[in-house]
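This report refers to the structure that appears directly beneath it.
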Amino acid sequence: MIETTTHLDEYRSVLVNHHLYNKINSIDAIQRFMEVHVFAVWDFMSLLKRLQLELTCASIPWIPIGNPITRRLINEIVFGEESDVDQNGHAVSHFELYLKAMKDIGADTTSITSFIKQLKQGESWEKALVSSRASKAAIQFVRNTMACVEHAPIHVVAGVFTYGREDLIPDMFISIVRELSEKEHSGAQSLVYYLERHIEIDGGEHGPM
């Protein structure tokens with residue numbers, strides 16, 4: 001494990017210190033970023049749900065599956081991501097919280113809203129993604145993630161989830177929060193709250209777990 005994480009340090013450093021963050025220097029830039037990034041917020045949950053399906057019991061009749069410590073970890077992460085609270089203490093998923101932040105700051109939610117609507121109507125994620133007019137970058141990213149979700153062995157999914165998302169996201173978001181905190185924009189409060197929750201939960205709880 002030590003050799004593996006050491007091998008990843010170089011790549012992790014490149015991502016955490018990416019020049020992209022220096023370009024997020026205006027409300028317009030933040031809006032454009034969120035319009036693409038929201039699809040990564042969505043497919044994160046698909047990675048998590050694959051872990052929940054295989055490492056806990058999510059079927060009827062219930063039976064105890066796998067390691068109790070692993071079950072607790074996965075279920076706590078699901079609870080935190082799917083049933084957190086907003087600024088007013090109301091239950092909300094982090095995805096829904098992100099959508100609200102997008103609307104408050106003036107980002108265009110047309111593509112992601114269309115995508116979710118089509119999924120609810122039973123369309124495949126692939127067709128819904130293309131017809132939603134998501135950006136090419138979002139389409140490529142989601143395709144890579146969903147290929148992992150649908151076809152990769154569970155230990156690979158766990159690795160992508162842990163080292164590519166849970167362990168990485170807090171440091172990435174800290175950079176954005178620092179930039180954002182220096183700006184004044186009434187619509188940015190929801191985004192700041194979302195980012196702070198991710199830093200608090202992923203960096204302070206889920207990452208170490």
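The values are calculated or read from the model by the stated rules, or taken from the named source; none is laboratory data. This structure is a prediction, so every number in the text was calculated from the model and none was measured. Cβ placement follows ideal geometry from the backbone for every residue including glycine, while neighbour counts extend to all protein chains displayed. All accessible areas refer to the heavy atoms of the entire protein, side chains included, with ligands and DNA or RNA removed. Shrake-Rupley method; radii C 1.70, N 1.55, O 1.52, S 1.80 Å.
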Projecting the Cα atoms of 140, 63, 85 onto the charge dipole of the stretch 1-146, where Lys and Arg contribute +1 and Asp and Glu -1 at Cβ, the residue farthest towards the positive end is 140
For the stretch 33-90, averaging the sequence separation of alpha carbon pairs under 8 Å that lie six or more residues apart and dividing by its residue count, the contact order in percent is 28 percent
Judged on accessible area alone, 1.4 Å probe, highest first, 60, 199, 105, 69 line up as 60, 69, 199, 105
In the stretch 1-124, taking the dipole from +1 charges on Lys and Arg beta carbons and -1 charges on Asp and Glu beta carbons about the Cα centre, the listed residue (44, 30, 16) farthest towards the positive end is 44
Computed ³J(HN,Hα) along the stretch 89-103: with the Karplus parameters 6.51/-1.76/1.60, θ = phi - 60°, integer Hz and x for glycine or proline, the list is x, 8, 4, 6, 7, 5, 5, 5, 5, 5, 4, 4, 4, 4, 5
The lysines whose Cα lies under 29 Å from the Cα of residue 136, excluding any fewer than 8 residues away in the same chain, are 23, 49, 100, 103, 117, 120, 127
Quick note, the stretch 1-132: a/c under 1.5 would make it rounded; otherwise a/b > b/c is prolate and the rest oblate (a ≥ b ≥ c, C-alpha gyration tensor); here it is oblate
